[in-house]
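Just below is one structure, and these are the notes that go with it.
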Amino acid sequence: MGPPIVDPETGTVSLFDPEFARCPQPVYAELRRRCPVARAAFTESPVVSRYEDVVWALRHPEIFSSAVDTRLVLGTERPMIPQQIDPPAQTRYRKLLDPHFSRKRMAALVPEIRRHANALIDAFVDAGRCEFDEQFAIPLPCTAFLALLGLPADRLDFFLEIKDGIIRPQKGRDAMTLEQMKEVRVESGRKSYAFFEETLDERSAAPRDDLLSTLLRAEIDGERLTRSEILDICFLLLLAGLDTVTATLGCNVAYLASNPSQRRRLVEDPSLVPSAVEELLRWETPVTGVPRVAKRDVTIGDFEIKEGELVTLLLGAANTDDEHFPEAQRVDFARERNVHTAFGVGAHRCLGSHLARMELQVALEEWHRRIPDYRIEPGQTPRVSPGIREFMYLPLVWDV
Amino acid sequence: MRVSVDAAKCVGHGRCYVLAPDVFGEDEQGHCVLLEADVPPELEDQARLGADNCPESAIRIG
């Protein structure tokens with residue numbers, strides 16, 4: 001046993017404890033009850049966990065800014081657009097980007113996603129086993145996203161390497177120093193900018209019917225976007241598009257593998273899939289929290305946050321708050337009112353939320369149609385990464 | 001039943017037009033467009049479901 005994840009005496013929480021990533025809900029409950037604003041171990045940065053406080057902060061970007069120091073967080077040279085920009089500038093970018101990620105546009109991709117989900121399942125269904133992350137959760141959303149952006153599908157491995165280099169520089173390696181992690185991040189960021197520079201040059205010379213070509217033509221208030229702006233948008237889309245749905249698929253299927261009665265409900269009544277997706281987003285909240293920086297001194301409860309402090313808003317803790325959700329600790333696929341914050345709240349509502357919902361619904365429908373009864377391989381322990389809770393090792397077995 | 005939407009609060013979650021498609025629609029940006037400000041009795045449950053599920057509390061009933 002290591003030290004406790006939450007230490008109410010000192011008011012600290014270890015957000016990077018592997019046990020927290022695996023099973024965060026009891027930790028959230030402890031935080032809300034004992035230290036609704038805690039301090040993160042090592043960084044000392046404030047961590048907010050009650051629904052009311054998290055949503056209040058998300059709705060006040062003039063106090064809780066998204067303009068965090070990007071060099072500290074990821075290997076980027078400039079802020080990612082629009083995620084790390086505050087309103088009103090952010091609003092103008094969203095007006096441009098939102099139509100390309102609308103529910104209607106995403107609905108058009110359903111047949112392609114369904115086909116790809118089945119092709120992936122074809123490859124392992126008769127074997128009676130798969131490693132879910134590598135064989136399904138990673139390729140399904142990545143391929144869809146690359147197609148959406150008009151990026152070549154055969155460069156998937158290249159994009160995965162960049163994405164991991166930035167988000168999880170330690171993946172697949174032995175212990176790394178912070179300095180080494182930073183080097184991997186910066187190098188991966190450089191490679192990604194270089195790739196997009198090259199692709200944008202190609203699209204400038206020969207436009208296609210794709211998002212990158214659209215960005216090259218797009219205007220805000222009569223002005224074309226600069227090359228830097230387009231690159232900063234691309235960088236965000238790459239990172240956000242390749243990681244979050246992968247993580248969510250793993251969380252959902254790990255939950256359903258371990259809860260056979262809930263799984264049977266979905267198999268017997270696939271019309272529950274959309275509300276099950278919402279409920280699993282609430283319960284699992286794969287993106288556990290979002291960072292903000294305090295623009296001025298501000299008090300939450302009796303906790304004083306100082307200007308300039310990096311603040312973590314724990315979406316997962318907000319989503320399991322009994323003060324806001326009736327029977328918050330119960331997973332109910334028929335929950336009628338489900339105003340969770342898994343895609344954020346306020347101006348920065350996840351740009352890809354309609355894409356994510358569509359992919360998750362199609363994936364759960366097809367998976368359970370083809371493989372209705374499955375379990376985590378006995379004797380194996382899944383591995384879950386902290387921060388964005390990706391099941392990086394999720395061995396599943398079923399009878400054939 | 002009367003329904004109104006605060007456009008300044010809407011950020012395009014789209015819960016309303018997915019859950020209550022006969023009462024709410026979407027504009028090009030994916031923001032809410034009210035289809036039925038005067039909701040007939042047979043659509044009242046739908047309208048309530050859509051309003052209840054708005055994460056921004058942007059929809060008012062009554």
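The values are calculated or read from the model by the stated rules, or taken from the named source; none is laboratory data. As the structure is a computational prediction, the values presented were derived from the model and not from experiment. Using ideal geometry, Cβ is built from the backbone for each residue, glycine included, and neighbour counts are taken over all protein chains shown.
Tabulated data
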{"read-out": "Verdict on A:LEU238 being surrounded by 13 or more Cβ atoms within 10 Å (Cβ to Cβ), hydrophobic (A, V, I, L, M, F, W, C), farther than 24 Å from A:VAL397 by Cβ and without any contact (Cβ under 8 Å) to a residue 40 or more places away in the chain", "value": "no"}
{"read-out": "Residue in segment A:337-351 that is away from every other protein chain (no Cβ under 14 Å) and crowded, with 22+ Cβ neighbours inside 10 Å present", "value": "no"}
{"read-out": "Residue under evaluation A:LEU364, criteria (1) surrounded by fewer than 22 Cβ atoms within 10 Å (Cβ to Cβ); (2) closer than 23 Å to A:ALA254 by Cβ, criterion not met", "value": "(1)"}
{"read-out": "Inter-residue pairs, beta-carbon under 8 Å, first closer than 11 Å to A:VAL339 by Cβ and in contact (Cβ under 8 Å) with a residue 12 or more places away in the chain and in segment B:47-59, second surrounded by 20 or more Cβ atoms within 10 Å (Cβ to Cβ) and among the acidic types (Asp, Glu), 6+ apart", "value": "none"}
{"read-out": "Cβ pairs under 6 Å, 6+ apart, first in segment A:37-61 and under 12 Å from A:LEU314 (Cα atoms), second among the aromatic types (Phe, Trp, Tyr) and surrounded by 23 or more Cβ atoms within 10 Å (Cβ to Cβ)", "value": "A:ALA57/A:PHE64"}
{"read-out": "The listed residue being within 14 Å of chain B (Cβ to nearest Cβ) and of a type in the set (Phe, Trp, Tyr), out of A:PHE325, A:PHE333, A:PHE303", "value": "A:PHE325"}
{"read-out": "Selection within segment B:40-55 - more than 12 Å from chain A (Cβ to nearest Cβ) and surrounded by 20 or more Cβ atoms within 10 Å (Cβ to Cβ)", "value": "B:ALA47"}
{"read-out": "Tabulated pairs, segment A:147-158, first without any contact (Cβ under 8 Å) to a residue 40 or more places away in the chain and closer than 19 Å to A:ASP209 by Cα, second among the polar types (S, T, N, Q) and in a helix (DSSP H, G or I), C-beta under 9 angstrom, 6+ apart or interchain", "value": "A:PRO152/A:THR199; A:ALA153/A:THR143"}
{"read-out": "Selection count where residues are surrounded by fewer than 18 Cβ atoms within 10 Å (Cβ to Cβ), away from every other protein chain (no Cβ under 14 Å) and either closer than 20 Å to A:GLY352 by Cα or at pLDDT 90 or above (or both), scope segment A:75-94", "value": "1"}
{"read-out": "Residue match in segment A:215-226 (condition: surrounded by 17 or more Cβ atoms within 10 Å (Cβ to Cβ), within 25 Å of A:ILE138 (Cβ to Cβ) and under 26 Å from the mean Cα position of the chain (by Cα))", "value": "no"}
{"read-out": "Which numbered condition A:MET358 misses (of (1) within 18 Å of A:GLU134 (Cα to Cα); (2) surrounded by 15 or more Cβ atoms within 10 Å (Cβ to Cβ))", "value": "(1)"}
{"read-out": "Matching entry among A:ALA276, A:ALA247 (being over 17 Å from the mean Cα position of the chain (by Cα) and among the aliphatic types (A, V, I, L, M))", "value": "A:ALA276"}
{"read-out": "Wholly enclosed helices (runs of 4 or more DSSP H) of segment A:209-318 bearing at least 2 residues among the basic types (Lys, Arg)", "value": "A:260-268"}
{"read-out": "Failed item, numbered, when A:VAL384 is tested on (1) of a type in the set (Val, Ile, Thr); (2) in contact with an Asp or Glu (Cβ under 8 Å, 6 or more places away or on another chain); (3) surrounded by fewer than 23 Cβ atoms within 10 Å (Cβ to Cβ); (4) within 25 Å of A:LEU31 (Cβ to Cβ)", "value": "(3)"}
{"read-out": "Residues being in a helix (DSSP H, G or I), farther than 19 Å from A:LEU242 by Cα and touching a residue at least 24 places away in the same chain (Cβ under 8 Å) - total across segment A:116-134", "value": "5"}
{"read-out": "Every pair of residues 6+ apart whose Cβ atoms lie under 6 Å, when the first sits in segment A:304-323 and is farther than 15 Å from A:CYS35 by Cβ while the second is at pLDDT 95 or above and of a type in the set (Lys, Arg)", "value": "A:GLU307/A:ARG296; A:ASN319/A:ARG282"}
{"read-out": "Answer from A:LEU97, A:LEU15, A:LEU58 - the residue that is of a type in the set (A, V, I, L, M, F, W, C), within 14 Å of another protein chain (Cβ to nearest Cβ) and within 19 Å of A:THR341 (Cβ to Cβ)", "value": "A:LEU58"}
{"read-out": "Where A:GLY301 falls short, out of the listed (1) buried (at least 24 other Cβ atoms within 10 Å of the Cβ); (2) at positive phi", "value": "(1)"}
{"read-out": "Qualifying residue in segment A:107-115 (condition: part of a loop (DSSP other than H, G, I, E, B) and within 12 Å of another protein chain (Cβ to nearest Cβ))", "value": "no"}
{"read-out": "Selection status of B:GLY14, surrounded by fewer than 16 Cβ atoms within 10 Å (Cβ to Cβ), within 22 Å of A:GLU336 (Cβ to Cβ), modelled with pLDDT of 95 or more and within 12 Å of chain A (Cβ to nearest Cβ)", "value": "no"}
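Yes/no per residue for (1) part of a helix (DSSP H, G or I); (2) of a type outside the set (Gly, Ala, Ser); (3) modelled with pLDDT of 85 or more:
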| position | (1), (2), (3) |
| --- | --- |
| A:PHE136 | yes, yes, yes |
| A:ALA144 | yes, no, no |
| A:ARG155 | yes, yes, no |
| A:GLU161 | yes, yes, yes |
| A:PRO169 | no, yes, no |
| A:SER188 | yes, no, yes |
